[in-house]
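Notes follow once the structure below has been shown.
Derivation of every value follows stated rules applied to the coordinates shown; laboratory data play no part. As the structure is a computational prediction, the values presented were derived from the model and not from experiment. We place every Cβ from the backbone using ideal geometry, glycine too, and count neighbours over all the protein chains shown.
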């Protein structure tokens with residue numbers, strides 16, 4: 001997890017120094033029946049416990065997360081070191097996840113009062129890019145070290161490994 005001042009503005013253009021591979025994990029819940037609060041509230045309260053647990057132990061592999069909330073939906077974007085770390089956490093019998101999953105299956109799954117979902121993306125080198133201009137730590141830039149978006153890193157094509165260092169892309173200059 002990033003230990004820099006997360007809300008400080010990083011002036012200028014930056015990109016994340018991405019590793020050979022990483023995982024983006026999206027997980028969410030949707031309230032289908034508002035009045036069945038006893039069915040969906042425990043699901044909504046389970047995720048913060050897991051995120052606290054993961055934040056306290058960087059060896060588990062979670063690098064960064066950000067939560068988003070809408071009228072019926074909650075979603076957490078998570079950045080993981082590897083799919084092996086993500087799966088190991090999901091199967092860890094001493095961690096918060098398995099009891100929460102079992103509780104969901106007992107209480108809510110058959111009722112249809114709340115829905116849950118997740119998507120996992122394993123991302124390799126040159127399969128993603130990012131740029132941040134005058135931003136605090138955000139997304140991949142919060143999960144991985146920031147570097148100046150100069151030279152090859154100046155353009156999206158360069159960050160994706162599609163052009164040489166002398167890229168003439170001047171968008172955003």
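With angles folded into 0 to 90 degrees, how steeply does helix 97-107 sit against the dominant principal axis of the chain? Use alpha carbons for both and round to 10. The two axes meet at around 40 degrees.
The three principal axes of the Cα atoms in segment 21-124 give end-to-end lengths of 41, 28, 21 Å, sorted in falling order.
A protection proxy built from the mean count of other Cβ atoms within 10 Å ranks the segments 11-18, 121-128, most packed first, as 11-18, 121-128. Divided by 2.2 N^0.38 Å, where N counts the residues, the Cα radius of gyration of segment 77-144 comes to 1.50. Modelled label positions at residue 83 and residue 121, each set 7 Å beyond Cα in the direction of Cβ, lie 1.5 nm from each other.
Using a cutoff of 8 angstrom between alpha carbon atoms and counting only pairs six or more residues apart, the relative contact order for segment 21-124 works out to 49 percent. At an R0 of 41 angstrom, the distance between the Cβ atoms of residue 38 and residue 163 translates into a FRET efficiency of 0.15. Between helix 37-56 and the chain there is an angle of about 50 degrees, using the helix long axis and the longest principal axis of the Cα atoms.
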